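What follows is a single structure, written as C-alpha cells, with notes after it.
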Protein chains: 2
Amino acid sequence: MSDYRFFQPPPRLLLGPGPSMVDPQVYLAMAAPIVGHTDPAFFGVLQDVAALLRIPFGTSNDFTLALSGTGTAGMEAAVVNFVERGTKIAVFNNGYFSDRLIDMAERQGAEVVKLVKPWGEVYGDEEARAFIEREKPEVVAFVHAETSTGALQSPKAICAAAHEVGALVIADCVTSLGGMPIDLDANGIDIAYSGTQKCLSAPPGLAPVSLSPLALERLRARKTKSVSWYLDLKLIDEYWGASHRYHHTTPINMFYALREALRLIDVEGLQARFDRHKLNHRAFVAGVEALGMTMHVAPEHRLWTLNTPVLPEGVSDVELRKRLLHDYGIEVLGGFGPLAGKVLRVGLMGASSSRNSVLLLLSALETSLHALGHRGERGAVEAAETIYNEA
Amino acid sequence: MSDYRFFQPPPRLLLGPGPSMVDPQVYLAMAAPIVGHTDPAFFGVLQDVAALLRIPFGTSNDFTLALSGTGTAGMEAAVVNFVERGTKIAVFNNGYFSDRLIDMAERQGAEVVKLVKPWGEVYGDEEARAFIEREKPEVVAFVHAETSTGALQSPKAICAAAHEVGALVIADCVTSLGGMPIDLDANGIDIAYSGTQKCLSAPPGLAPVSLSPLALERLRARKTKSVSWYLDLKLIDEYWGASHRYHHTTPINMFYALREALRLIDVEGLQARFDRHKLNHRAFVAGVEALGMTMHVAPEHRLWTLNTPVLPEGVSDVELRKRLLHDYGIEVLGGFGPLAGKVLRVGLMGASSSRNSVLLLLSALETSLHALGHRGERGAVEAAETIYNEA
C-alpha cells in the first residue's frame, strides 16, 4: 500500500518557450522496452539520431550527437570543452542566455569581453565585425535564437570575422533547431548546441551538439582535461564512435523519443516545416496586432518560433497567464529580467506550431484580455484567418 | 517520406549492470502527456519524488532530489560542489567508479590521496579509520556498491572517522539505492548520489542526490562558484525549493517515470524489496556454484544487486555473452579493467531481480557453457530452486 496514486497530468496546450507539444508517435517510441546502452540495436539508434540531426542543423559535420542532459548541458559542454582558464571569449550579450554563457565562461576562469545590447535587439554586420576585430578573442559566442527576447541573430558576419582572427564560434541554437534555418556549414558555425523540447518536439532531456572539423581538431589538440568528466566531448566521442568505449549509461528512452521526433521532421520535410513555422508566426502576429498589441522585436529580427507580444498597458501578465491556464489549459510564459511584466513569451514550436493552436490562443487571449478590462480591438481570429487564407 | 522507419527494439531480458528491466506501469507513467517545468502540477511531481526518494535513501534530509543527468552526473555534482582547487580528498580506491571519482577530483585541481585495494576487496574498519586519521582530508569518498566488482563497502566506520576530522563523506550509491539498505542518516553519509536505471528500475536519465544538513551548510557557505552551472546544487536547490526559481528545463517525462518507479517501491515495501533482492542473489549464487563456478567477491562482502561469478577456465566472456544475447535475448556484461575476461557482471536489480529471471539465466548459462565446451557440473536450476523452496 502507498499513499501515492498513479499520476495523471492535467491536459495542457503548451505554447510557452518550451517544452512544446509532443507528437503521440514520439510518446509511443519513447515507451518502447529499454535495451542496454551497449546493445548493438541501441548503437543503431545513435547512428540514426546523428544522421537525422544533421538535417535540421544543416551540416555534414561528423561530430553530431546528443548529450545526456537538457539544452543547458549542451551550453555547458560548449563552454567547458573550448574555454579554459585564461581563454579570451567574446560574447554578444543581448538576452538571458548570453548572460548564462558569460556566467559559465567566468566559472572557467576565462577572460570574458562582451558587446551589450538591450534585450530584443540584435547585432548588425559592421558592429559585429568591429567588436571581433578589436578584441581578437579565441572564442566567440552568440545566441542564434534568444528564447528570452524572441530575437534572431544573423550568424554569417560574426562567423566570418571570428575566423579571420582564428576564433571558434559557439552558437546557441536551442530555439531554432528544427523550426528555422541554421545552416551550420554555410554560416560557418563551429560549435552548435540545442535542446530537444523546443522545435524538435521531443521531451526535454537531451542536448544535440555539432562540431565543425576545425572545432573537432581544436578539441583533440587540447592539452588539459575539461573540468567536466560528464560532458567531456573527447570521451563522449569515443562512445559514439567506432570503439563504442563506455562512458556513462545513456538515457535510452529519451534517444528513442528523439529518433522518432527527428524521423517525423524527415517525413515532413525541412522546408515544409520552416514554412509552417513562418506561417503560424505571421498569423499569430496579425492576430495580436488586431488586438491592438505590438511586438517587442523589430519585424526583420523576429523568431518564428518564440513570439514576444507586448502586454497592453495595465494588464498583469500573471493574471493573464493564470486565466489562460485555468480557463483553457494553455501555458504561455511571461518575460523576465528587463522584460518582466512587459511581454508574453509565446512559443509556436514543433507540434505546437499549428493553425489550431494559433486560433485557439488568439481567441482565448482576446476573451481573457477583455475580461481583465483591456479595451482593445477584437477580431484577432479573423486577422489570423486572413493570413491563412492568403497562404 | 523518410528512409527511416519507426524503431522497434529487440526483446531483451536485461541482467547486466544496468539498465534493468522497467515495469510496464513505469513506461505508462513516462508516456503521459508533458506539462511545463514551471507548471504547478509538475512541482507536485517533484515534491512526491523528493518524499519517495527519502525512503530508499533512509534519510530525512531536506535536500533530496534528482538531477537532470544520469548517475555519472550525480557523481560529478558531488565532486564539483564540494571539491575545488586545493581541497584535500581521500578516496577509497578499489574499483572503476572510485577511479572515476579520482579523475573528476583531479580535474578540479584537488589534492587527492587514495587507499588502493585490488578490485573486489573492501576496507575493514581499522584500516579505513587509520587512513582518514593519517590524512585528515576535508572530503572522503567511497563507493558503497561497486558496479565494476560486485563488492559492498560498509559505511559506518568511514563516516565516523571522517566526521572526527571534520570531513564530509561522499558515497556512491548507484547500485544499492532501492536494492540494499543504505541508511544515510544512521550511517552518517553526507553526500549520496545514485542513478535511476539500477535498483529503482526506472529508465536511465536522472541522478538522485541527497545532502545531510552538514553538507547543505557547507554548500551554502561556499564562497566560490562551482565550475559547473548545470550541476550547481545551490541553483538547483532554488528551483526545487519554495521560490521555484528557473534553472533549466527538467526532463519532465523522466520525472513521471521516476515518480512511478518510486511509488512501486513504496507499494512493495522497502524490507520486502530488500528480502527479494537478497533471496534472488542467494539463489543465483547457489546456481552458479552448482555449475562449478566461484564468486569473485568474498561471501560477506557481496552485493545482492550485482554479481560477479568467475568465468570457468578457457571460456571466453565475449563468446558466452554473444550466445546469451543471441539465443535468449539475455544481456549480461563482462568484467573490465583488471577483471576483463575474468568475470561476468550479472545484475539482479529492481524488476530484474525475480525468480523467473534467475532460473532462466541459470538454465541459459548452463546450456551455453556446455555448448562452449565447459565440462562443469549441471543442476544449476535445481540448486536455485532449493534456495527458493527453503525461503
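Where a number appears in this text, it was derived from the coordinates with a stated rule and is not lab data. Treat the numbers as computed from the prediction; the structure is a model and nothing was measured. Here Cβ is always computed from backbone atoms with ideal geometry, including for glycine, and neighbour counts include all displayed protein chains.
Before moving on, here are some points about what is shown:
- Listed by chain and number, the lysines whose C-alpha is less than 20 Å from the C-alpha of A:K223, apart from same-chain residues fewer than 8 away, are A:K88, A:K234.
- Copies compared at B:L270 - label distances in nm, ascending, label defined 7 Å from Cα in the Cβ direction: 5.2
- Separation of alpha-carbon centers, segment B:59-128 and segment A:6-79, rounded to whole Å: 30 Å
- The residue among B:M295, B:Q271, B:S357 whose Cα reaches farthest toward the positive pole of the charge dipole of segment B:270-390, with charges on the beta-carbon of Lys, Arg, Asp and Glu, is B:Q271.
- Relative exposure of A:W240, A:W119, judged by other C-beta atoms within 10 Å (fewest first): A:W240, A:W119
- Separation of alpha-carbon centers, segment A:343-391 and segment B:154-183, rounded to whole Å: 56 Å
- Tensor-based shape of the protein assembly as shown (alpha-carbon gyration tensor, a/c under 1.5 rounded, otherwise prolate or oblate): prolate
- Label points for B:G44 are taken 7 Å from Cα along Cα→Cβ. From this copy to the others they lie 4.1 nm apart, shortest first.
- Furthest towards positive pole of dipole, B:A110, B:S176, B:A50, structure part segment B:24-266, Cβ charges: B:A110
- Cα shape, chain B, gyration tensor, a/c 1.5 rule: oblate
- Rounded, prolate or oblate (a/c below 1.5 giving rounded, otherwise prolate when a/b exceeds b/c) for segment A:324-376 by Cα gyration tensor: oblate
- Placing pseudo-labels 7 Å out from each Cα toward the beta carbon at B:Y388 and B:H370 gives an inter-label distance of 2.0 nm.
- Averaged over the residues of peptide B:230-236, the number of Cβ atoms from other protein chains lying within 10 Å of each residue's Cβ is 4.
- Peptide B:41-50 has a mean shielding of 2, counted as Cβ atoms of other protein chains within 10 Å of each residue's Cβ.
- Other residues lying with their Cβ under 12 Å from the Cβ of A:L101 contribute a combined charge of -3, Lys and Arg counting +1, Asp and Glu -1.
- Chain A: most fluctuating residue of A:A207, A:A242, A:A351 per GNM, C-alpha cutoff 10 Å: A:A242
- Placing dummy labels 7 Å off each Cα toward the beta-carbon, the span from B:R134 to A:R220 is 4.4 nm.
- Within a Gaussian network of chain A (alpha carbon springs, distance under 10 Å), most fluctuating of A:V35, A:V288, A:V22: A:V35
- Positive-end ranking of A:G124, A:F284, A:V91 along the dipole of chain A, with charges on Cβ about the Cα centre, is headed by A:V91.
- Charge dipole of chain B (Cα centre as origin; +1 on each Lys and Arg Cβ, -1 on each Asp and Glu Cβ, all else neutral): 540 debye, rounded to the nearest 20.
- Beta bridges from DSSP with both residues in segment B:24-266: antiparallel share about 35 percent, rounded to the nearest 5.
- Residue mean of other protein chain beta carbons inside 10 Å, B:254-265: 3
- Taking every DSSP bridge with both residues inside the protein assembly as shown, close to 45 percent are antiparallel.
- Annotation for segment A:295-391: trypsin sites (Lys or Arg not before Pro) lying in DSSP loop with at most 12 further Cβ atoms inside 10 Å of their Cβ are A:R375.
- Shown here for segment B:85-188: trypsin sites (Lys or Arg not before Pro) in loop regions (DSSP other than H, G, I, E, B) with at most 12 other Cβ atoms within 10 Å, namely B:R85.
- Under 15 Å, Cβ to Cβ, from A:H163 - net charge with Lys/Arg +1 and Asp/Glu -1: -4
- Net +/- balance of residues flanking A:T59 in space, Cβ distance below 9 Å, scoring K and R +1, D and E -1: -1
- Other-chain or far-sequence residues with amide H under 5 Å of A:D172's (modelled H): A:F142, A:V143, A:H144
- For segment B:325-391, the Cβ-based charge dipole about the Cα centre amounts to some 240 debye (Lys, Arg positive; Asp, Glu negative; other atoms uncharged).
- The helix-only estimate of mean residue ellipticity at 222 nm for chain B, built from DSSP H runs of length n ≥ 4 each weighted as -39500 (n - 2.57), is -13500 deg cm²/dmol after division by the residue total.
- Cross-link reach list, lysines versus B:K156, counting only Cα pairs under 18 Å and skipping chain neighbours closer than eight places: B:K136
- Nm distances between copies for B:F6, ranked from closest, using label points 7 Å along Cα→Cβ: 2.1
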